[in-house]
1. When you scan the stretch B:207-320 for strands (runs of 3 or more DSSP E) that lie fully inside it, which ones turn up with 3 or more residues that are modelled with pLDDT of 95 or more?
2. Just checking, which of B:171, B:192, B:203 is touching a helix residue (DSSP H, G or I) at 6+ places or on another chain (Cβ under 7 Å) and under 20 Å from residue B:41 (Cβ atoms)?
3. Which ones in the stretch B:256-290 are under 16 Å from residue B:231 (Cβ atoms) and either surrounded by fewer than 20 Cβ atoms within 10 Å (Cβ to Cβ) or aliphatic (A, V, I, L, M) (or both)?
4. Quick test for you: out of B:83, B:74, pick the one residue that is more than 12 Å from chain A (Cβ to nearest Cβ) and under 16 Å from the mean Cα position of the chain (by Cα).
5. Check every one of the strands (runs of 3 or more DSSP E) wholly within the stretch B:58-125 and list those with 1 or more residues that are open to solvent by 40 Å² or more (accessible area, probe 1.4 Å).
6. So, in the stretch A:130-153, how many residues would count as being in a loop (DSSP other than H, G, I, E, B) and either touching a His at 6+ places or on another chain (Cβ under 6 Å) or over 14 Å from residue B:150 (Cβ atoms) (or both)?
7. Of all residues in the stretch B:304-320, which are buried (at least 20 other Cβ atoms within 10 Å of the Cβ) and either in contact with an Asp or Glu (Cβ under 7 Å, 6 or more places away or on another chain) or of a type in the set (Phe, Trp, Tyr) (or both)?
Amino acid sequence: MIHKSMIIQRTLVFLILIALLSVGCTIKKIGEEDKNKGGDEYSTWTKSGKAFDPVAYVDSIWDEKLIPVFKEESDDVNMVLQALAEDKETAVEQYGLKHKSGETEPTFKVKGTAKVAEYDDSSRNGLFMLDLPPFDGETDVPMQVGPVIRKTAIRDSVSFISFTDVGNQLQFASLADELNKRMKKEAVEPLDLDTIEGKTIQFYGAVKLEEGQTIDDVVITPVHIEVVDEPAGEED
Amino acid sequence: MSKKLFVLVLVVLMVPAAFMFAGGQQEGGEEASNLMVIITPDKDNTFFTAEADAAKAKAEELGYETLLAVHGDDPKQEGDIIDTAISRNAAAIIIDIANADASPNNLKRATEAGIPVFCMDREINATGIAKAQLISNNFQGAKLGGERFVELMGEEGKYVELVGKESDTNAGVRSKGFHNIIDQYPDMEMVARETANWSQTEAYSVIESVLQANPDVDGIICGNDTMALGAQAAIDAAGKGDIIVMGFDGNDNVLDSIMQGKIDGTVMQPNAKNAQMAVELADKYIKTGSTGMDEEKILNDCFLITPDNADQWRGFTKIK
């Protein structure tokens, strides 16, 4: 008899405990829902092993996304430069891409035809000094061709790349570096730099104006360069 | 016997469950306070005091009480401050974190207690914890400084790098940014790379001895402005005025030195802006339940300071 009542007692305690535990569980769940409300799940980029791979990422976007976006969305370089010369704010409004988040300075995607008036390799940040139509022999705008490529114009000129997607600032920077590297391979390496002066090129490129910079500071970072007055068949 | 054990295990399990229950009740019952807890790394470095001041001023302007605290780059101390904020039922925590990998766990405790957290300056290696992160793009800034340094050096010569405190993520980030640029110039030769732990006096003694060993150094690139001030003082003492010095942060003493033609340049961090934005987003979140931003991480770029624009900034804020 004693035995039986003890079992009942224990069963009761057990039921109460289950009830209490489930109350506890419920409250914890609400907390979890609340913290997920802000958006993504927790993702630690350095510890989880899903570190960002810039090479693989650039491989996956260069031909399929990046070049098509430039071909589709670029504005004529002369129009953009003229607009910038008149008024920076209006030019940004009309032609520029301002990122949704952060204070990234505005960028432009440009296209055009130009004569390489001069190839200035006195700095490691080598430049094509471009003469835009009408061809008057004067330099209108420089284009950087390396070997050192400065800044992050390519990365910052397309809207489909966002900082939050990439992780932290180092990975975000490594992405810009990889894009610049890929650009050199695709756009600059196929060129014969020794004979480039005087030739006409067609190009797509990115321009980013940093804080306080004006039209005088514009440098085009190319994504695609094609020499157009070569005898047919030499270039593909 | 085995049943007794089972009950015992359940009792042990019940204790934390009951606590959780009690915690939940308490949270729901208490009114949210009007207190913003502002946590920064250090109260001796003007960079961090300016950041704390900017956050405090903005919070008070918006009608909040403030509590300021420093964690000294120590995640444990940071955790203690956060526990204080939790016990005082803060309305929000505005923080420049101690460590990118260790701090998320501290911050998680606050968010689980229902206190929204907003990061400024340094970023955490996690998303989904802070409601917003207003981050100084240190890597971009370091590249900017590195580019200017290379330009001033004429793309060649011997240089020294002064590195910040190793435990601070940004010491490594800036060093990587410098080298990301400088290492692309084969005629730039690094003759010494030393830490001076963000300290002016340490930088002075390090550079003093480096210059004795390498009298032909052409430039010194520094991970922050206090070290640049120490380096410049050692250069002055050695009578080598033509050595190029580059800093990082944009503190007022360095701006003065640049205008006097001593230190050659620095990188201005948007730290007052980060602090103000963090408080504004916190205020918006408290009032509406949302920051209204598409993305959690907002990366704010740094600016290059040269003798031409050094007079346009004061207290990390653009005045002209």
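The values are calculated or read from the model by the stated rules, or taken from the named source; none is laboratory data. Just so it is clear, the model here is predicted, and its values are computed rather than measured. Virtual Cβ from ideal backbone geometry, glycine too; neighbours counted across all protein chains shown. With ligands, DNA and RNA removed, areas are computed over all heavy atoms of the protein, side chains included. Shrake-Rupley method; radii C 1.70, N 1.55, O 1.52, S 1.80 Å.
1. On the way: elements: B:219-222, B:244-246, B:266-268, B:297-300, B:303-305.
The qualifying strands (runs of 3 or more DSSP E) are B:219-222, B:244-246, B:266-268.
2. The unique qualifying residue is B:203.
3. Going residue by residue through the stretch B:256-290, those that are under 16 Å from residue B:231 (Cβ atoms) are B:256-258, B:260-267.
Within the stretch B:256-290, B:256, B:258, B:260, B:261, B:262, B:263, B:267 meet the criteria.
4. None of the others qualify; the one that does is B:74.
5. Filter on the stretch B:58-125 gives B:65-70.
6. 10
7. Selection gives B:313, B:316.
Listed here are the residues, each with its yes/no results for (1) touching a Leu at 6+ places or on another chain (Cβ under 7 Å); (2) of a type outside the set (A, V, I, L, M).
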{"position": "A:148", "(1), (2)": "no, no"}
{"position": "A:166", "(1), (2)": "yes, no"}
{"position": "A:188", "(1), (2)": "no, no"}
{"position": "A:197", "(1), (2)": "no, yes"}
{"position": "A:204", "(1), (2)": "no, yes"}
{"position": "A:214", "(1), (2)": "no, yes"}
